[in-house]
Amino acid sequence: MVCIAYGEFGNWENHCFYNTVSPTAKKPGNKLPTPGCERLSFAVLEHSPKDKLWHSWQAYSFVEKQNILLDVTNLKMHFPIRRGFLRKVVGHVRAVDGVSFFVREGETLGLVGESGCGKTTTGRLILRAYQPTSGQIRFRRNGDLIDLATLSQKEMKAIRRDMQIIFQDPFSSLNPRMTVLDIVGEPLRLHGLAKGADLRDQVRELLERVGLRVQHMNRYPYAFSGGQRQRIGIARALALRPKLIVADEPVSALDVSVQAQVINLLEDLQQEFGLTYIFIAHDLSVVEHISDRVAVMYLGNIVETAHSKALYESPLHPYTEALLSAVPRTDPDHVPNRILLEGDVPSPANPPSGCKFHPRCRYAQRVCAEQDPPLVEHKPDHYVACHFATELILVGMTN
Ligand SMILES: Nc1ncnc2c1ncn2[C@@H]1O[C@H](COP(=O)(O)OP(=O)(O)O)[C@@H](O)[C@H]1O
Ligand code: SF4
Ligand SMILES: [Mg+2]
């Protein structure tokens, strides 16, 4: 059973659930079904005198439905800034500053935001390339959700088989001194899963599957184009038959014509191997077709998460609205009305007060500079962090 602090889930879910509970059932310890709630199987009422919300004495323990593969809660990565001869810590880069999201098995979550907003750091934290400053990274293994943030590097080794990364730059991510056979076969060798002729056969199969010529397996990366190199990276990521792949801007460095081919390949492989993806991109046009849900990041925080259709058609956060206005349209009658975001993303070493987006938000009011809006579930599965999410009428892709 997993206990989640009240409020972290978003109020819609808790509110609706609470209203369905009969007054006589509202007793601590009662286990109750959660009808209409996609994410949770049942809830257990708990006594919580510290709860400051409207039903002041109760909180809930929730048990998640089986299909959550990854559940990230309040994840932070504050890199220390060191100065001087003694390398004294003089501040912190808040690259990831309290990120919460989940990914269901077999789905693709698009993670989108301008450069520098913390997408790569979030991806690397999930794979435990960094030790997080705080927060939970719960990953399903053998039926249980285990918190990766608390595991040692030794304990992580077995779990790494289940999680792989595809890097942004296919030119620098492959070791130039290794042949394709060595690059794709290395994970199998390191995990002691194959050697000799067997390893060769497995690499051959992987190369065929990603559309590369088997005869080229003794060549070095320089002999391949950008798109082909990205296919080598994908074959390597697939070698251990992972459950989750973090694809960090896998097509950003490729020509537009090649981008679609690589995205189609990733979609085919997802079907064939039952993969779950976190697909990172810096604009919303790339992730539109591949994502089941999209999370929008700004300066170390997630500001909106929703199913793709809801997010593209009816955004609730002004930053999402601005990103959507930059997506190219195929409709010849569409009149472009691009919202220009003034200035660059502020420094995560010195983020603005209150809502971090307020210096660039055209709807900002005084409260925005004073109070940080929490990420709240305004509609089922649609989470937003904006003080005026229910009042603003924002423009999406269909209007
Ligand atoms: N190892 C590091 N040490 C210090 N700062 C870092 C480190 N890695 C990333 N950053 C900073 O964290 C912020 C987020 O970076 P990153 O996660 O790469 O963003 P994105 O992938 O969205 O472009 C940036 O300001 C970046 O300079
Ligand atoms: S809280 Fe205020 S500044 Fe932030 S997105 Fe909403 S309206 Fe804009
Ligand atoms: Mg990045």
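Computed extension gain for Met156 through Ala223, at 0.36 nm per residue and net of the alpha carbon distance, reaches 20.7 nm.
Length gained on full extension, Asp144 to Glu391: 84.9 nm, using 0.36 nm per residue less the C-alpha separation.
Our summary gives segment 308-384 a relative contact order of 24 percent, counting only alpha carbon pairs under 8 angstrom and 6 or more residues apart.
Judged by the gyration tensor of its Cα atoms, with axes a ≥ b ≥ c, segment 308-384 is oblate; a/c meets the 1.5 cut and b/c is at least as large as a/b.
Note on Asp268/Tyr363: beta-carbon distance plugged into 1/(1 + (r/R0)^6) with R0 of 45 Å gives a FRET efficiency of 0.65. For segment 250-399, the orientation-averaged shadow of the C-alpha convex hull comes to 10.4 nm² (one quarter of the hull surface). Working from Cα pairs under 8 Å separated by at least six residues, relative contact order for segment 267-343 is 20 percent. Kirkwood analysis of segment 91-224, using all unique Cα-Cα pairs, places the hydrodynamic radius at 17.5 Å.
Shown here for segment 292-399: GluC sites (Glu not before Pro) in loop regions (DSSP other than H, G, I, E, B) with at most 14 other Cβ atoms within 10 Å, namely Glu342, Glu391. Residue order for Arg177, Arg124, Arg236, fewest other beta carbons within 10 angstrom first, comes to Arg177, Arg124, Arg236.
Only the coordinates and a few stated rules stand behind these numbers; no lab work does. These numbers come from a predicted model, not from an experiment. We place every Cβ from the backbone using ideal geometry, glycine too, and count neighbours over all the protein chains shown.
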